[in-house]
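Colleague: Shown below is the structure under consideration.
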Amino acid sequence: MDPSPYVRLLQHIDVAYPVSERGDLLVFLPGMAEIQAVMEACKAYAEHTKRWIILPLHSALPASSQEKIFHAPPDGVRKCVLATNIAETSVTIDGIRFVADSGRVKELTWDALSRMRRLKETAISQASANQRKGRAGRTGPGVCFRLFQEEEYRQFQAFTTPEIRRVPLDILVLQMMAMGLPDVKRFPFIEPPEMKSIDEALQTLVVCITFQLS
């Protein structure tokens, strides 16, 4: 990922918005590798200007590091949080006035060729784009910078496909059986998977058990 657009965004905010107008920046990026690349470039700019604190936010961070995003920066300094989609709904950060949206996300998918789950970068949904936009200025006027074109937005799916409909359910079904839950096919899922997916999961488990017993 080219980090230069995000450095230019810091420069733009410094020029267009007086530092006396408090307000931090939340940047949505696809994953940890992209966060690291952008963080290195933005930290170089921050060290030069002394106007920014650059912080990462993703699920692999220890709690002690995640807590830093909630600390208010010193006077004359803004906070820039580089986050995955964890910041869409799971975390609310006070003081965010600006949001930058890459329009990308990494989702758990199923690779039929290798028969393995893997993270795949893809475009976000329109619902996610609107959710990210709503993170700006929750307590006052906010600004959202979208790093994609309007035409791209119109091509986004309306809503994100739930993970339960993107990957095989064998692990989930096994966990439910281990917990002693009732018939999986009758379980009241919030987002019900296709019955075909449940049948395939049960067949996979039968094959695995048969193989282990043989």
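The values are calculated or read from the model by the stated rules, or taken from the named source; none is laboratory data. Owing to the predicted nature of the structure, the values given are computational and were not obtained by experimental measurement. Backbone-built Cβ (ideal geometry, glycine too); neighbour counts: all protein chains shown.
Colleague: How many residues does the range 37-72 hold that are more than 14 Å from Ile93 (Cα to Cα), among the basic types (Lys, Arg) and out of contact with any Asp or Glu (no Cβ under 7 Å at 6 or more places or on another chain)?
Modeller: Number of matching residues: 2.
Colleague: Given the residues Phe159, Phe148, Phe189, which is the only one that is in contact (Cβ under 8 Å) with a residue 24 or more places away in the chain and either loosely packed, with under 11 Cβ neighbours inside 10 Å or in contact with a helix residue (DSSP H, G or I) (Cβ under 6 Å, 6 or more places away or on another chain) (or both)?
Modeller: That would be Phe159, the only listed residue that is in contact (Cβ under 8 Å) with a residue 24 or more places away in the chain and either loosely packed, with under 11 Cβ neighbours inside 10 Å or in contact with a helix residue (DSSP H, G or I) (Cβ under 6 Å, 6 or more places away or on another chain) (or both).
Colleague: Assuming Gly142 fulfils every condition listed in (1) in contact (Cβ under 8 Å) with a residue 24 or more places away in the chain; (2) closer than 30 Å to Arg165 by Cβ apart from one, which condition is it?
Modeller: It is condition (2) that Gly142 fails.
Colleague: Between residues in the range 66-92 that are on the phi > 0 side of the Ramachandran plot and residues that are among the basic types (Lys, Arg) and assigned to a loop (DSSP other than H, G, I, E, B), which pairs lie under 8 Å by C-beta distance while being six or more apart or on different chains?
Modeller: Here the result reads Gly76/Arg51, each pair linking the range 66-92 to a residue that is among the basic types (Lys, Arg) and assigned to a loop (DSSP other than H, G, I, E, B).
Colleague: Continuing with the same structure: Could you list, in sequence order, all residues of the range 8-28 that are at pLDDT 95 or above and surrounded by 17 or more Cβ atoms within 10 Å (Cβ to Cβ)?
Modeller: Within the range 8-28, Leu9, Leu10, Ile13, Asp24, Leu25, Leu26, Val27, Phe28 meet the criteria.
Colleague: Inside the range 10-63, can you point out the residues that are part of a loop (DSSP other than H, G, I, E, B) and among the polar types (S, T, N, Q)?
Modeller: Listed by number, the residues that qualify are Ser20, Ser59.
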